[in-house]
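Structure, as structure tokens:
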Amino acid sequence: METFETLPGVIIMNRKTLSTGNRNAFTAISYNFGLKWAHIVPPKIVKNITCILPSCYLKLKLECNKNNNKNSIKFCKKSPSLMISFGSIYRNDFEYYSGIFLSLDVGYSWQLIPSHINSVHILNHGSILLGWSTVLTSFYFSYDLGHTWKNYRLGRNFLIPIKTFHDSLSSSLLTTTITQADNNNEWGFIKID
């Protein structure tokens, strides 16, 4: 279950339903402290196939956090309508696609982030999204809330991102990523500003 300090009343949780004799979990959202619930809306097209509720649905990966200091859903406090989460699309109760999803409407509807991106960072209060793949030959960025993604090639080395740092309180867009080369034990860092 996810609650948000800057979004009072919003709760996102995985709920179980009984359909055709099976218990299936789906992700639901409430905007009024849990009095009324709705399914979150999956992307319309997934891998060239139309996705329509109830036979096709999105289940976000929501981890139960004991200390409530870190949410499974990433969001920016100054732009809370923008949310990013890992999840899976289910078609006819079987997992069909897994990846990162983006919501621009406080978690109600979700769209796919390109499958080669497996980590996304929100910069400049949501106006820039920075994406990394598992092995870095380039990084990806979006200036239009994830509608289009561009990439910047880093060179011939394959780098594995270890940790990304960004000061959200600073006026600078400086982002530093610690990396390790995949063919040896050399460490490095990438500074993007």
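The values are calculated or read from the model by the stated rules, or taken from the named source; none is laboratory data. Quick caveat, the model's predicted, so the values are computed rather than measured. Ideal geometry is used to build each Cβ from the backbone, glycine not excepted, and the neighbour counts take in all protein chains shown.
The table below gives the values:
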read-out: Pro42 vs. criteria modelled with pLDDT of 95 or more and out of contact with any Lys or Arg (no Cβ under 7 Å at 6 or more places or on another chain); value: yes
read-out: Phe86 more than 22 Å from Val46 (Cβ to Cβ), in the same structural domain as Trp37 (by the TED database) and modelled with pLDDT of 85 or more; value: no
read-out: Candidates Leu58, Leu62, filtered to the one that is part of a loop (DSSP other than H, G, I, E, B), surrounded by 17 or more Cβ atoms within 10 Å (Cβ to Cβ) and touching a residue at least 12 places away in the same chain (Cβ under 8 Å); value: Leu62
read-out: Residue within the range 105-113 that is in contact with a Gly (Cβ under 7 Å, 6 or more places away or on another chain), in contact (Cβ under 8 Å) with a residue 12 or more places away in the chain and β-branched (Val, Ile, Thr) present; value: yes
read-out: Residue within the range 147-159 that is modelled with pLDDT of 60 or more, assigned to a loop (DSSP other than H, G, I, E, B), surrounded by 17 or more Cβ atoms within 10 Å (Cβ to Cβ) and among the β-branched types (Val, Ile, Thr) present; value: no
read-out: Strands (runs of 3 or more DSSP E) enclosed by the range 69-136 - at least 3 residues per element that are over 23 Å from Met1 (Cα atoms); value: 128-132
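This table checks each residue for (1) at pLDDT below 85; (2) at negative phi; (3) touching a strand residue (DSSP E or B) at 6+ places or on another chain (Cβ under 6 Å).
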residue: Thr50; (1), (2), (3): no, yes, no
residue: Ser55; (1), (2), (3): no, yes, no
residue: Lys59; (1), (2), (3): no, yes, yes
residue: Asn69; (1), (2), (3): yes, yes, no
residue: Phe94; (1), (2), (3): no, yes, no
residue: Ser103; (1), (2), (3): no, yes, yes
